[in-house]
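The values are calculated or read from the model by the stated rules, or taken from the named source; none is laboratory data. What you are looking at is a predicted structure, and each value in this text was computed from that prediction instead of being measured. Please note: Cβ atoms are built from the backbone with ideal geometry, for glycine as well, and neighbour counts cover all protein chains shown. Each accessible area value is taken on the protein alone, full model and side chains, heavy atoms only, with ligands, DNA and RNA left out. Shrake-Rupley method; radii C 1.70, N 1.55, O 1.52, S 1.80 Å.
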Amino acid sequence: MPFMLPSILRNVFSGPATRPYPANPRQPFADARGELVNDPETCIFCSICAKKCPSQCLAVDKELGTWEWDPFACVYCGVCAEACPTKSLRQTNVRRAVARDKQSVAVQGQPKPKKSP
Amino acid sequence: MKTSILPFGPQHPVLPEPIHLSLTIENETVLEARPALGYVHRGLENLVAARDMHQMVQVVERVCGICSMIHAMCYCQALEEMLDIQAPPRAEYLRVIWSELHRIHSHLLWLGLFADAMGFESLFMQLWKIRERVMDINEATAGNRVIVSVNVVGGVRRDIDEDQVAMIEKELVTVEREVKQLSLTLLTDFTVKKRTKGKGVLTREQALELGAAGPTLRGSGVAQDMRQLGYAAFKDLDFEPVVETGGDSWARAAVRFKETLQSVDLVRQALAGLPQGDLAVKAKGKPEGEATARVEQPRGEVLYYIKANGTKHLDRLRIRTPTFANIPPLTVMLPGLELADVPVVVLSIDPCISCTER
Ligand code: SF4
Ligand code: SF4
């Protein structure tokens with residue numbers, strides 16, 4: 001215990017090590033892995049992201065032009081955003097907020113009807 | 001004197017890990033300890049049937065909630081060996097940096113829990129306060145605190161730029177200073193010594209015979225560390241395994257304490273020698289055959305065995321985690337101890353039961 005004394009004294013005279021959380025949340029780091037954003041204008045609904053996703057939380061339908069993401073099954077690895085050929089899918093640095101209900105995020109783009117043979 | 005059998009765990013106020021021990025006790029003295037496992041089996045190895053070999057990187061990261069990066073690195077090394085590719089030098093250095101950062105935060109976490117198990121709450125808080133700096137480095141460089149997800153078969157997915165190198169170096173100075181400030185408390189304090197010296201002794205012969213791994217082995221005087229194999233960039237870095245000869249809880253704590261400082265040094269060496277170049281090579285093809293890889297986790301040697309059959313899914317994945325190797329030594333450490341020392345000695349092998357059961 002006597003060896004702790006310098007640390008204890010330092011702690012008394014320095015500010016608190018914690019932050020008053022909900023009142024003063026920390027700003028995210030620039031490279032933090034947060035929510036995904038997909039731009040329906042540039043997405044070509046190729047499904048590469050959905051095929052690469054390790055937690056299989058993306059569903060893409062080319063014919064309907066829909067892209068759907070389940071933020072509650074996502075592990076925020078960023079594999080999908082790296083694989084996107086058009087860079088329409090981006091990973092932001094803002095973490096998903098806590099929520100009362102699980103909801104998925106859907107993006108509607110231009111439907112691409114099957115070419116008739 | 002009549003003996004009785006006392007169940008210890010899987011839920012225990014001191015030990016956060018779900019291991020069950022049947023302790024045969026006479027009065028307060030332990031005569032025999034029989035471990036029982038299987039409370040948190042998740043079947044991760046079986047997921048190879050449902051996820052392809054590249055997606056498995058994200059699965060094996062979740063084997064351990066503390067040294068996630070090292071699991072993924074080991075898996076990627078095994079697969080790289082099978083695909084006959086070599087990660088670029090920069091990727092190997094970055095792997096060393098992140099894996100040693102994981103070792104630092106894992107050891108600090110453990111030292112804190114160890115102090116907590118002895119009832120030394122203020123030391124616990126101090127250590128975790130230091131650990132928070134390392135978590136911040138992880139988040140600033142890799143985007144996440146624990147599951148950094150930087151590995152990919154063939155290299156790494158994230159880079160560290162000049163500003164981040166400066167930031168890491170600055171933070172490490174503080175981490176090193178603050179850890180050193182606690183060295184007297186951790187290694188020489190009367191209370192700490194009273195609870196750890198001569199408790200849970202594992203001799204060198206027993207450690208070798210029972211196949212102990214990691215700091216548990218090195219605390220018994222065996223200088224064996226998988227980093228000596230020179231995987232990733234360890235071949236270029238200067239390091240000697242930390243060894244203590246006492247074989248008791250104190251020796252194991254001392255090994256981890258010194259390894260924390262050693263890892264700080266290794267990160268510095270890797271940052272200083274960080275070569276320029278690519279982050280990853282393309283991993284193409286569907287391999288066939290078998291491969292194994294061994295790396296040093298904070299808890300000891302982890303071994304990955306993979307078998308592939310020429311499809312995008314692996315045939316078999318087998319993970320041998322260090323805690324699995326350290327449970328048999330536990331059965332010789334515990335007999336003869338007072339009941340109150342049991343949690344501290346069980347903790348001294350740094351058990352990670354959810355890794356063990358995967
Ligand atoms: S987000 Fe990218 S990868 Fe996914 S469907 Fe759209 S274009 Fe393809
Ligand atoms: S971040 Fe990872 S888990 Fe989430 S949707 Fe993208 S690939 Fe899937």
Problem set entry | Residue count for the stretch A:52-83, restricted to those that are within 14 Å of chain B (Cβ to nearest Cβ), closer than 23 Å to A:Thr42 by Cβ and open to solvent by less than 90 Å² (accessible area, probe 1.4 Å) | 11
Exercise. Within the stretch B:20-39, which residues are on the phi < 0 side of the Ramachandran plot and open to solvent by 40 Å² or more (accessible area, probe 1.4 Å)?
Worked result: B:Glu26, B:Glu28, B:Thr29, B:Leu31, B:Glu32, B:Arg34, B:Pro35, B:Leu37, B:Tyr39
Problem set entry | Condition check for A:Gln108: in contact (Cβ under 8 Å) with a residue 24 or more places away in the chain, under 21 Å from B:Asn144 (Cα atoms) and within 14 Å of ligand 1 (Cβ to nearest atom) | no
Seminar exercise, completed: Contact list, first residue from the stretch A:37-55 and of a type in the set (Lys, Arg), second anywhere and surrounded by fewer than 19 Cβ atoms within 10 Å (Cβ to Cβ), beta-carbon distance below 7 Å, six or more apart or interchain, is A:Lys52/A:Ala83
Problem set entry | Test for B:Pro328: is it open to solvent by 40 Å² or more (accessible area, probe 1.4 Å) and in a helix (DSSP H, G or I) | yes
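Quick grid of which residues meet (1) touching a helix residue (DSSP H, G or I) at 6+ places or on another chain (Cβ under 7 Å); (2) without any contact (Cβ under 8 Å) to a residue 12 or more places away in the chain; (3) open to solvent by less than 10 Å² (accessible area, probe 1.4 Å); (4) not in a helix (DSSP H, G or I):
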residue: B:Leu111; (1), (2), (3), (4): yes, no, yes, no
residue: B:Asp116; (1), (2), (3), (4): yes, no, no, no
residue: B:Phe124; (1), (2), (3), (4): yes, no, no, no
residue: B:Trp128; (1), (2), (3), (4): yes, no, no, no
residue: B:Arg131; (1), (2), (3), (4): yes, no, no, no
residue: B:Arg158; (1), (2), (3), (4): yes, no, no, yes
Problem set entry | Of residues in the stretch B:51-91 being over 28 Å from B:Ile19 (Cβ atoms) and touching a His at 6+ places or on another chain (Cβ under 8 Å), the one nearest to the other protein chains (Cβ to nearest Cβ) | B:Arg51
Seminar exercise, completed: Of (1) at pLDDT 85 or above; (2) aliphatic (A, V, I, L, M); (3) more than 30 Å from B:Ala140 (Cβ to Cβ), A:Ala73 fails just (3)
Exercise. Does B:Val302 meet the test of being buried (at least 24 other Cβ atoms within 10 Å of the Cβ) and in contact with a helix residue (DSSP H, G or I) (Cβ under 9 Å, 6 or more places away or on another chain)?
Worked result: yes
Exercise. How about the stretch A:1-113: which strands (runs of 3 or more DSSP E) wholly inside it have at least 1 residues that are of a type in the set (Asp, Glu) and either within 14 Å of ligand 2 (Cβ to nearest atom) or closer than 30 Å to B:Phe124 by Cβ (or both)?
Worked result: A:66-69
Problem set entry | Search result, residues across the stretch B:224-252 that are under 24 Å from B:Asp341 (Cα atoms), touching a residue at least 40 places away in the same chain (Cβ under 8 Å) and open to solvent by less than 10 Å² (accessible area, probe 1.4 Å) | B:Gly247, B:Ser249, B:Arg252
Exercise. Inside the stretch B:120-176, can you point out the residues that are of a type in the set (Asp, Glu) and facing chain A (nearest Cβ under 9 Å)?
Worked result: B:Glu132, B:Asp136, B:Glu139
Problem set entry | Filter result for B:Leu94 (in contact with a strand residue (DSSP E or B) (Cβ under 8 Å, 6 or more places away or on another chain), in a helix (DSSP H, G or I) and within 14 Å of chain A (Cβ to nearest Cβ)) | yes
